[in-house]
Number of protein chains: 4
Amino acid sequence: MHTPPHPRTGVWLIGARGSVATTAIAGAAALRTGAPATAMVTEAPGFPADGLPRTADLVFGGHDIAHTTLAKRAEQLAAAGVLPAGLPDRVRAELDAADARIRPGVPQGHGSEHPADGLRRLAADIAAFRTEERLDRVVVVNVADTEAPAPARAETEGLDALTAALESGAHVLPASSRYAHAAFTAGCAYVNFTPSAGARPPAIAELAARTRLPYAGDDGKTGETLLKSVLAPMFGHRHLRVRSWAGTNLLGGGDGANLADPAVARSKLDSKSRLVGELLGYPVDDHLHIDHVADLAERKVAWDHVTFDGFLGAQMSLQFTWQGYDSALAAPLVLDLARLMARAHETGRSGPVTELAFFFKDPLDCAVHDLPGQHAMLLAFAERLRRAGGPA
Amino acid sequence: MHTPPHPRTGVWLIGARGSVATTAIAGAAALRTGAPATAMVTEAPGFPADGLPRTADLVFGGHDIAHTTLAKRAEQLAAAGVLPAGLPDRVRAELDAADARIRPGVPQGHGSEHPADGLRRLAADIAAFRTEERLDRVVVVNVADTEAPAPARAETEGLDALTAALESGAHVLPASSRYAHAAFTAGCAYVNFTPSAGARPPAIAELAARTRLPYAGDDGKTGETLLKSVLAPMFGHRHLRVRSWAGTNLLGGGDGANLADPAVARSKLDSKSRLVGELLGYPVDDHLHIDHVADLAERKVAWDHVTFDGFLGAQMSLQFTWQGYDSALAAPLVLDLARLMARAHETGRSGPVTELAFFFKDPLDCAVHDLPGQHAMLLAFAERLRRAGGPA
Amino acid sequence: MHTPPHPRTGVWLIGARGSVATTAIAGAAALRTGAPATAMVTEAPGFPADGLPRTADLVFGGHDIAHTTLAKRAEQLAAAGVLPAGLPDRVRAELDAADARIRPGVPQGHGSEHPADGLRRLAADIAAFRTEERLDRVVVVNVADTEAPAPARAETEGLDALTAALESGAHVLPASSRYAHAAFTAGCAYVNFTPSAGARPPAIAELAARTRLPYAGDDGKTGETLLKSVLAPMFGHRHLRVRSWAGTNLLGGGDGANLADPAVARSKLDSKSRLVGELLGYPVDDHLHIDHVADLAERKVAWDHVTFDGFLGAQMSLQFTWQGYDSALAAPLVLDLARLMARAHETGRSGPVTELAFFFKDPLDCAVHDLPGQHAMLLAFAERLRRAGGPA
Amino acid sequence: MHTPPHPRTGVWLIGARGSVATTAIAGAAALRTGAPATAMVTEAPGFPADGLPRTADLVFGGHDIAHTTLAKRAEQLAAAGVLPAGLPDRVRAELDAADARIRPGVPQGHGSEHPADGLRRLAADIAAFRTEERLDRVVVVNVADTEAPAPARAETEGLDALTAALESGAHVLPASSRYAHAAFTAGCAYVNFTPSAGARPPAIAELAARTRLPYAGDDGKTGETLLKSVLAPMFGHRHLRVRSWAGTNLLGGGDGANLADPAVARSKLDSKSRLVGELLGYPVDDHLHIDHVADLAERKVAWDHVTFDGFLGAQMSLQFTWQGYDSALAAPLVLDLARLMARAHETGRSGPVTELAFFFKDPLDCAVHDLPGQHAMLLAFAERLRRAGGPA
């Protein structure tokens, strides 16, 4: 049996057959064969990573409603330039093993299942993964398609009301929150890498508190917002007055198609648009669009145009164009978060892990919005984890 | 203890009739009439500015070899969009007063003057300014045209050798260093806002040490480099591997025309190109061009194109276009530096003031290259100045 | 009485106190003082302009519901960079004279006036202008704010039905069509420089036919669409396959504020989005946004991103950013159109003048969409006008 | 009348193992298997291609001094995104067959061979290709690395002087002109797809005239210049005054490395920089840079920044960024030119074929510089070829 210092860690991915999940699984396998860990923050030189589970040792499973296998998805990602040509073949065994551990998820709408039964099924899947793979702990990470914003409702304001509603057969939780509920029920840490509701409804946060489990989110910061988090402070430090910030995001592939639904896009836009004003401390005229451009496939292109005043009101501007692969930006952060949250769980941490704001567009309960400040906070957190003892 | 709350502070500008100087002088006058101090870092909300001389109280003079009056230059800057329409008229009295205090400078080449006589004349001009305007102290700031790089020579390696050479009639100092020499001889703090040699020759630094005077530089950070100083750390923090960084700068007006001389441009390019590799800790394939585009007048446009690797080597890119008015970016920093250096001088500080790296492309003796780190260092320095006592 | 070669020509502007109208009036006056006629196509070297009324001789009047004087508006335009500093003062007399000829317009909604009375009043205003200024003819040009698209209705399908409806007191015509009706009733040529309905309702076109008057439109081509009209043919000529074309337009000032209303923007977007597919002959995935960014004042910025396939499907892209002053782009074309339409009217031309497609985003009844083809068509038309005799 | 419907046509590529040649050979083979002929102008719908040899029937050979096989090079191009994944395998037989027909070329410098012997060897290689492959005719196309500009010298001013010099053992011809000499000696049409000297020296042009053979060039128009050829006319047609045009080209791969040599880049820059002024008819302040950015591999990125005046001098700008694969842009044009020149030769055409200006940055003896005009000229030429009879 496995004894510390190498606890076995599982990563349970919601949306396990999507681009981000596939890239994360294939990437962890690639690291085993010596690929450089570029873009993984916890693998950067000097990062205090002692005590974190090794990336190459992570064991993957998850929920999905899609049936395209990981091996097939990896081939598509290689053709699109996200994965290196040849990698899908080289890590075929790992992809197939993870694919065999994927269980049917729940749809975004209600489905026919009784809601309480559905939650029990999801939690049982995760617990079975932990048992069967002899894992010390599991981190559940939501990388599924973004949901439309869920209106607040009385039944999700407290855990007792929620439990009663669910048992009565009422469908009151969005899918992302059902998975968060299942994660906590199964005794797992939870990460929301999307802007969906996840653990935000008060009843779910209450469940996390009762089960003494940690969670982190929301919405991985992988492009335009990453740039905002360094450029807005630059304007602030130089006392340059930002007048307007207009952005257009062109997204290909699944993420783009999903966000082409205006209701869904609203979640994303809400999570993106608050930042500049919060960083600068005054309101900024902001505009933000998300377009689905199928031809971009796995790529995304963001163009931002910023107007600002200099000395004596001189009018100036900055434009930038960011061109990247969403999955290649997101997947390494998913692996970082799995490592950090597994260790946070191990040290007994519970509730929102605000020190991980570095990774998120819309960090939970955190007032630090500038990237360098968030990075310093992350390093200090990792250092504390390093010095902490073993399992609580 | 620091008694006179309002020591009188002079600012002696080398290149006093250029765009940056004119904008600084007109801007300080505009602040007196209630204009917002946008882009002045020391006037930002929360900046610990107690003890600094008030911007509106600064008294201006300087050296120049040009004859266009400040009033005329201000009209041109207003037509070009740098100054608000109408401002030159409103601050005409202040412009004329400063113009009357401008003394003939020295040319970039040798001229006919005996070099030792020339230095004495420059120092006497600065000292006379201090006496006539009843100033407590004067900060000399170099905002003249950039010089071509000066080759190292034995005579400038030590102060005694330099003095001997100068007295013998040898022309061994570039113009910018002659002004620095005069500043220290006259007992003044010195700021080099250009990439010219200024106080860098060892003999000049030795003179600063002997006279126990502070100095700061080199080369104000006003555009492309400002962006590099926040974007390169962003790539570093995310462990994204930067592969290439190519930039093109289009400059109008005097600065552009001057930099159209390849020898002169070399100074600027050297000062700009080291940064990214230093920030990231590994070599980056960098390319940098400066073009003089007369039609841009007072504007500058910088386009940078960055390629970087993400997870598993996925190839991505960032482009930005920065469009601004060089003088409107530089002038407020000149005022900031005058305030900070006057106070540093007052508190007895001498030698290179490395804490001001925030303002410079190529900061003296400073290993902090990221803007947020430099800003934190600046705030701590300003706080120390605030707490320090009065004149040493 | 009219004798060649100097018929007196009036230009009656709908929206006569807006930015475009003010720029056109100030510009025509500036030409009188020797300013170069940059951006006027009919003033370009080699253009067959013989027989066209001289730009400097045009007499201006118009309708507007705004009260800001032309002199005041011109000052604002000079401050924003559209007009040269000093020009408003130099052409003050011409601005005041034109301003005195502006009559109250009709609101976009119904207003309290009986619709038939309103039309008679508008037509009488235009006829009075012709008489009082002893003009040989008048061209009415719509440069008013864009309207929301008007739904088709039975009463505007034929002139008799329309007349009956109007006399019965029914409000069935959008404002832009009321002005077109008045123009034709007053015996004037009509140009629709906006995407509003103008002369498009069949009843209005029928009125033009009955009165044997010429008209042209719709929607001046001043930026993004201008570029599309040369770039799309380039892709076509090279047999490169355009896959997507996404554009974002940032508009300041009045035009932007007006288009911030989604219903109004729809008119503009409809007029802009058809072009690429028509030029290329196959459907293109297009996306188009218009944002009102108040800080841009009179400027507009368009960013377009095009993806296309090369040989064997190689994926490539083109981006462009167009930064200009909308009024400075539109006003010279308004003057061109006034000259050309006055002459077309003089030679007896009636109905839609399809040869002027060069000037419009959405040209009437014209299958030539590429700019060079439209320019050739324009030159041939001007040549025919030149050769035509005097008044029909 | 044109009887044999299928004359056999060979394409002899100078630089036959380079990226452009490999892409052309692999692409022609791909067309045989039904790939769409995107980016081939002669394969566009409606192009009058009757009488041209079929692309899929072209037979390839060539000279090169490199030893990397076509199969290997194709693999590299597929990995870089130029060729579709899997294509190199599918067309392996065609690549190997062409590779077997490649003969050793001559170096850019002198080499040890007697110059007259060298020329005879090159011509014999080409003639042998024609004989062995039973070809009706061969078109020689230069797609080798760009040479540094060759100074004019007396020996290349006339054919007799050249012949005498060569026989005397003098090395007076740059490599590109040696290949052109060999092409004409062997009785073949010649295309210079690079800015190297090729057929430009008067002695070589005289040889073409004496042998009654056609030639075309110079320098394929594949990116920035293509855009200039439509954008500059747009400014002209609108009477907008272009003030400056600054461009930066970032090139990866072999082309970029070659052009990193400033002497070589000069050839390219000369060929690129004349265009805008010629199109507009007045001088424009232009700036142009070429950088080798190895990380771009087979990609190139061009950024252009244009300033222009609108009405009354209003200052505006246009920027564009073109991102493409040089080989995927060039190769289809090489195939187009081979087809057109083979047919031109067949119909008895000799001397410079100026009607092909559409394809070139720096077209021979042609005053039509705008792309639509060149396209019209090309269509008319193709139509004439279609109607012409058979072999002369």
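Looking only at the stretch A:295-333, count every residue that is of a type in the set (S, T, Y), within 23 Å of the chain's Cα centre (by Cα) and part of a strand (DSSP E or B) and tell me the total. Steps first, please.
Taking the stretch A:295-333 as the starting set, the residues that turn out to be of a type in the set (S, T, Y) are A:307, A:317, A:321, A:325, A:327.
Cutting the leftovers down to within 23 Å of the chain's Cα centre (by Cα) gives us A:325, A:327.
With part of a strand (DSSP E or B) added as a condition, the list becomes A:325.
So the answer is 1.
Quick one: would you say B:L162 is touching a residue at least 24 places away in the same chain (Cβ under 8 Å), within 14 Å of another protein chain (Cβ to nearest Cβ) and either in a helix (DSSP H, G or I) or among the hydroxyl-bearing types (S, T, Y) (or both)? Let's see the steps before the verdict.
Values: touching a residue at least 24 places away in the same chain (Cβ under 8 Å): yes; within 14 Å of another protein chain (Cβ to nearest Cβ): no; either in a helix (DSSP H, G or I) or among the hydroxyl-bearing types (S, T, Y) (or both): yes.
No.
Among the residues of the stretch B:316-335, which ones are touching a Lys or Arg at 6+ places or on another chain (Cβ under 8 Å), at the interface with another protein chain (Cβ under 7 Å from one of its Cβ atoms) and of a type outside the set (F, W, Y)?
Matches in the stretch B:316-335: B:Q323, B:G324.
Would you confirm, using the coordinates I've provided, whether B:P233 is in a loop (DSSP other than H, G, I, E, B) and either within 30 Å of B:R120 (Cα to Cα) or touching an Asp or Glu at 6+ places or on another chain (Cβ under 6 Å) (or both)? I'd like the intermediate steps shown before the answer.
Working: in a loop (DSSP other than H, G, I, E, B): no; either within 30 Å of B:R120 (Cα to Cα) or touching an Asp or Glu at 6+ places or on another chain (Cβ under 6 Å) (or both): yes.
For B:P233, the condition - in a loop (DSSP other than H, G, I, E, B) and either within 30 Å of B:R120 (Cα to Cα) or touching an Asp or Glu at 6+ places or on another chain (Cβ under 6 Å) (or both) - is not met.
Pairs, please: C-beta under 6 Å, at least 6 apart or cross-chain, first residue within 19 Å of D:L337 (Cα to Cα) and in the stretch D:199-215, second among the polar types (S, T, N, Q)?
D:R212/D:S350; D:L213/D:S350; D:P214/D:S350
Matching residues to (1) buried (at least 21 other Cβ atoms within 10 Å of the Cβ); (2) closer than 16 Å to C:S327 by Cβ; (3) more than 10 Å from every other protein chain (Cβ to nearest Cβ); (4) of a type in the set (F, W, Y):
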{"site": "C:V41", "(1), (2), (3), (4)": "yes, no, no, no"}
{"site": "C:G46", "(1), (2), (3), (4)": "no, no, no, no"}
{"site": "C:A49", "(1), (2), (3), (4)": "yes, no, yes, no"}
{"site": "C:P53", "(1), (2), (3), (4)": "yes, no, yes, no"}
{"site": "C:D57", "(1), (2), (3), (4)": "no, no, yes, no"}
{"site": "C:F60", "(1), (2), (3), (4)": "yes, yes, yes, yes"}
{"site": "C:H63", "(1), (2), (3), (4)": "yes, no, yes, no"}
{"site": "C:T68", "(1), (2), (3), (4)": "no, yes, yes, no"}
{"site": "C:R73", "(1), (2), (3), (4)": "yes, yes, yes, no"}
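Of the residues in the stretch A:283-314, how many are touching a residue at least 24 places away in the same chain (Cβ under 8 Å) and either more than 11 Å from chain B (Cβ to nearest Cβ) or more than 30 Å from A:E75 (Cβ to Cβ) (or both)? Steps first, answer last, please.
Keep residues of the stretch A:283-314 that are touching a residue at least 24 places away in the same chain (Cβ under 8 Å), which gives A:284-310.
Now narrow it down to the ones that are either more than 11 Å from chain B (Cβ to nearest Cβ) or more than 30 Å from A:E75 (Cβ to Cβ) (or both): A:284-297, A:303-310.
Residues meeting the conditions: 22.
Only one residue in C:A123, C:A127, C:A116 is part of a helix (DSSP H, G or I), buried (at least 16 other Cβ atoms within 10 Å of the Cβ), touching a helix residue (DSSP H, G or I) at 6+ places or on another chain (Cβ under 8 Å) and hydrophobic (A, V, I, L, M, F, W, C). Which one? Working first, answer last.
Working: C:A127 fails: touching a helix residue (DSSP H, G or I) at 6+ places or on another chain (Cβ under 8 Å); C:A116 fails: buried (at least 16 other Cβ atoms within 10 Å of the Cβ).
Among C:A123, C:A127, C:A116, only C:A123 is part of a helix (DSSP H, G or I), buried (at least 16 other Cβ atoms within 10 Å of the Cβ), touching a helix residue (DSSP H, G or I) at 6+ places or on another chain (Cβ under 8 Å) and hydrophobic (A, V, I, L, M, F, W, C).
Inspect all residues belonging to the stretch A:346-356 and state whether any of them is touching a Lys or Arg at 6+ places or on another chain (Cβ under 6 Å) and either farther than 21 Å from B:L227 by Cβ or in the same structural domain as A:T42 (by TED's automatic domain parsing) (or both). Spell out the reasoning first.
First pass over the stretch A:346-356, keeping only residues touching a Lys or Arg at 6+ places or on another chain (Cβ under 6 Å): A:350.
Pick out the ones that are also either farther than 21 Å from B:L227 by Cβ or in the same structural domain as A:T42 (by TED's automatic domain parsing) (or both) and you get A:350.
Yes, that holds for at least one residue.
Go through the stretch D:110-169 and give me each residue that's at pLDDT below 95 and basic (K, R).
D:R153 - this is the single residue of the stretch D:110-169 that is at pLDDT below 95 and basic (K, R).
Return a yes/no flag: does the stretch C:346-363 have any residue that is over 19 Å from the mean Cα position of the chain (by Cα), within 10 Å of chain D (Cβ to nearest Cβ) and surrounded by fewer than 22 Cβ atoms within 10 Å (Cβ to Cβ).
Looking through the stretch C:346-363, none of the residues is over 19 Å from the mean Cα position of the chain (by Cα), within 10 Å of chain D (Cβ to nearest Cβ) and surrounded by fewer than 22 Cβ atoms within 10 Å (Cβ to Cβ).
Can you tell which of D:L250, D:L259, D:L280 is out of contact with any Asp or Glu (no Cβ under 7 Å at 6 or more places or on another chain) and modelled with pLDDT of 90 or more? Working first, answer last.
Values: D:L250 fails: out of contact with any Asp or Glu (no Cβ under 7 Å at 6 or more places or on another chain); D:L259 fails: modelled with pLDDT of 90 or more.
None of the others qualify; the one that does is D:L280.
Would you mind stating whether B:V139 is within 30 Å of B:D295 (Cα to Cα), within 22 Å of the chain's Cα centre (by Cα) and assigned by TED's automatic domain parsing to the domain that holds B:A175?
Numbers: within 30 Å of B:D295 (Cα to Cα): no; within 22 Å of the chain's Cα centre (by Cα): yes; assigned by TED's automatic domain parsing to the domain that holds B:A175: yes.
No.
Taking the condition among the β-branched types (V, I, T) and more than 16 Å from the chain's Cα centre (by Cα), does A:V368 pass?
On the way: among the β-branched types (V, I, T): yes; more than 16 Å from the chain's Cα centre (by Cα): yes.
When the stated conditions are applied, A:V368 passes them.
Confirm whether C:S244 is within 14 Å of another protein chain (Cβ to nearest Cβ) and modelled with pLDDT of 95 or more. Working first, answer last.
Details: within 14 Å of another protein chain (Cβ to nearest Cβ): yes; modelled with pLDDT of 95 or more: yes.
It is true that C:S244 is within 14 Å of another protein chain (Cβ to nearest Cβ) and modelled with pLDDT of 95 or more.
Could you tell me whether any residue of the stretch A:379-390 is touching a helix residue (DSSP H, G or I) at 6+ places or on another chain (Cβ under 9 Å) and without any contact (Cβ under 8 Å) to a residue 12 or more places away in the chain?
Yes; the residues of the stretch A:379-390 include at least one that is touching a helix residue (DSSP H, G or I) at 6+ places or on another chain (Cβ under 9 Å) and without any contact (Cβ under 8 Å) to a residue 12 or more places away in the chain.
Considering each of B:A21, B:A74, B:A78 in turn, give the residue that is touching a residue at least 60 places away in the same chain (Cβ under 8 Å) and either closer than 23 Å to B:K300 by Cα or touching a strand residue (DSSP E or B) at 6+ places or on another chain (Cβ under 8 Å) (or both).
Numbers: B:A74 fails: touching a residue at least 60 places away in the same chain (Cβ under 8 Å); B:A78 fails: touching a residue at least 60 places away in the same chain (Cβ under 8 Å).
Residue meeting the stated conditions: B:A21.
Kindly indicate the residue of the stretch C:130-153 that is part of a loop (DSSP other than H, G, I, E, B) and among the basic types (K, R) and also surrounded by the most Cβ atoms within 10 Å (Cβ to Cβ) among those meeting that condition.
The residue in question is C:R153.
So if I check each of D:Q323, D:Q315, which one is polar (S, T, N, Q) and either in contact with a Leu (Cβ under 7 Å, 6 or more places away or on another chain) or buried (at least 22 other Cβ atoms within 10 Å of the Cβ) (or both)? So that I can check it myself, show each step before the final result.
Working: D:Q315 fails: either in contact with a Leu (Cβ under 7 Å, 6 or more places away or on another chain) or buried (at least 22 other Cβ atoms within 10 Å of the Cβ) (or both).
Answer to the check: D:Q323.
List every residue pair whose Cβ atoms sit under 6 Å apart, with the two residues 6 or more apart in sequence or on different chains, where the first one lies in the stretch D:93-104 and is among the aromatic types (F, W, Y) and the second, anywhere, is modelled with pLDDT under 95 and part of a strand (DSSP E or B).
none
Can you name the residue in the stretch C:17-75 that is part of a loop (DSSP other than H, G, I, E, B) and polar (S, T, N, Q) and is also nearest to the chain's Cα centre (by Cα) among such residues? Quick ask: steps written out before the conclusion?
Going through the stretch C:17-75, the residues part of a loop (DSSP other than H, G, I, E, B) turn out to be C:17-18, C:33-40, C:44-54, C:58, C:65-69.
After this cut, where a residue has to be polar (S, T, N, Q) as well, the list is C:33, C:38, C:68-69.
On the way: C:T33: 25, C:T38: 18, C:T68: 22, C:T69: 21 Å.
Ranking the qualifying residues of the stretch C:17-75, first place goes to C:T38.
Checking B:G86 against (1) within 14 Å of chain A (Cβ to nearest Cβ); (2) over 20 Å from the mean Cα position of the chain (by Cα); (3) buried (at least 17 other Cβ atoms within 10 Å of the Cβ), which single condition isn't satisfied?
(3)
Report whether or not D:A180 is in contact (Cβ under 8 Å) with a residue 24 or more places away in the chain, small (G, A, S) and crowded, with 24+ Cβ neighbours inside 10 Å.
Working: in contact (Cβ under 8 Å) with a residue 24 or more places away in the chain: yes; small (G, A, S): yes; crowded, with 24+ Cβ neighbours inside 10 Å: yes.
Criteria met by D:A180.
Report the residue count in the stretch B:208-242 for those that are touching a His at 6+ places or on another chain (Cβ under 6 Å) and surrounded by 23 or more Cβ atoms within 10 Å (Cβ to Cβ). Walk me through it before giving the result.
Kept after step one, since they are touching a His at 6+ places or on another chain (Cβ under 6 Å), are these residues of the stretch B:208-242: B:214, B:237.
Going one step further and asking which of them are surrounded by 23 or more Cβ atoms within 10 Å (Cβ to Cβ), we end up with B:214.
The number of residues fulfilling the criteria is 1.
The values are calculated or read from the model by the stated rules, or taken from the named source; none is laboratory data. All values reported here derive from a predicted model rather than from experimental measurement. Backbone-built Cβ (ideal geometry, glycine too); neighbour counts: all protein chains shown.
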